[in-house]
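Report on one structure; see the data block that follows.
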């Protein structure tokens, strides 16, 4: 464990300094440092073995696909039909792209950063295969070529070895705009002299195929490679299996600690790197604060000899007494080492806010109204019990904390509206449903009130669908009249304009951040679309 006390995430791992009375006393010798290094290397070796097995499996599957794509058909067609071979694979190993050149002579990995638009994507593909020959002298490429793909075709035809195919690996294809990916593949289908083989790597095959549109579906031959269908948490499970197996390592983690790491990985999506970092931090803490470390630092030679005998007995049999000294437990400070993936953490927080925010009394009443009259009474009882504590907590909070609670309520409601919508969402219906729900929530005087709960709190799907039906059946005069009524409260007073503007700003910001997260996107080219409609994107992967 090199540089033991260096930061595992950022900053510096600080050990509290206590000045000794006698400066002549030596510091901690840490005689068990090689022991802890060996334990951590076993964790790393378990992950590397799993990753190596996964890479070999994926390479074999890709090689079989390349062989099948180059083989002649069993039944020759009466006329030549060219179809571009495209393979989709998920959860590809990060160490696999450099190994693709071992399968074919010409292989190139296209990064999404190089494909901001179609022209940059085609040029990146041409440069990736040709290199300096794209602009070099004597390459046989005419400068009057109209596109980089045509220049690549001229370069390939003039080469003597026409056998090897051109393997193009599009990494993280889900980040590319669907229109650019569709047009790029369509352009490649127009050049049958170039034996392209397209390998598309994505985190989820089903989500990618559901959102990918083809310009000419009959011109491509799609294959799904199943070697990448291992669970994304497979590397984490391999590490935790090695960490809890006492037959392979002397220092094991407890079952509770392993389960905590699994749950944390599901919530944050940090993968094997985050699990190894957490285990390294736990070993470092155990080497400093555990009773085992205290025994090793004592100057009593008899105790050190007993410790050596205990370690030797642990190697021979795992049932010897004292194995609690060789068990690593969790710690409350462990969460400070986690570095969660922002997108996955945000989606988990939106989908399950109760895991991050304590439910209030009002939310319990809303839960009761949504689950029916039978559970409504019990939920309201809990709300009544919780209302006093909640009000006391909110009274003790500052104005910023109370305002933050309102923002959380808006985010939760906007996400529930997104969940309840269909494949496409009308932005106007989304905004009106959000406004109505927030108005109803503000009109509820107290969670103890039992009158007209169902009128004040409605399901998010009813709000969106209700506004959509109203817009379909109302005439222009009725819409003007409804707009005039909407600008007044039930008592005839004007609506608070500042609150309305704030809700509209919150809605616009949520829509923009949802677009960045991939929750919504505009409709692609060639599709009948309206300016106020968007398409739902991916959810939790």
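Any read-out appearing in this document is the output of simple, stated calculations on the displayed coordinates, not a laboratory observation. What you see is a predicted model, and the numbers here were worked out from it, not measured in a lab. Using ideal geometry, Cβ is built from the backbone for each residue, glycine included, and neighbour counts are taken over all protein chains shown.
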- prompt: Taking one equal scatterer on every alpha-carbon of the stretch 81-229, how large is log10 of I(q)/I(0) by Debye at q = 0.09, 0.20, 0.21 1/Å?
  reply: -0.27, -1.38, -1.51
task: Calculate the spin-label point distance for residue 193 paired with residue 158, positioning each point 7 Å from the Cα along the beta-carbon direction, and give it in nanometres.
output: 1.2
field: Extension gain from residue 223 to residue 295, taking 0.36 nm per residue of separation minus the Cα-Cα distance
entry: 20.0 nm
query: Which distance in nm do the two modelled labels at residue 74 and residue 41 give, with both placed 7 Å along the Cα-to-Cβ direction?
result: 5.2
- prompt: What is the fewest-to-most order of 214, 169 by other Cβ atoms lying within 10 Å of their Cβ?
  reply: 214, 169
task: Fewest Cβ neighbours within 10 Å first, please rank 106, 286 accordingly.
output: 106, 286
statement: Per the 1/(1 + (r/R0)^6) rule, R0 = 30 Å and r from the Cβ atoms of residue 101 and residue 273, FRET efficiency to 0.05 is 0.75
- prompt: Assuming R0 = 41 Å, what is the FRET efficiency of residue 247 and residue 509, from their Cβ-Cβ distance, to the nearest 0.05?
  reply: 0.15
- request: Determine, for 35, 408, the number of other Cβ atoms within 10 Å of each Cβ, and report the residues in order from fewest to most.
  value: 408, 35
Translational D in µm²/s for the stretch 73-129 (Stokes-Einstein at 10 °C, 1.306 mPa s, Kirkwood Rh from C-alpha pairs): 111
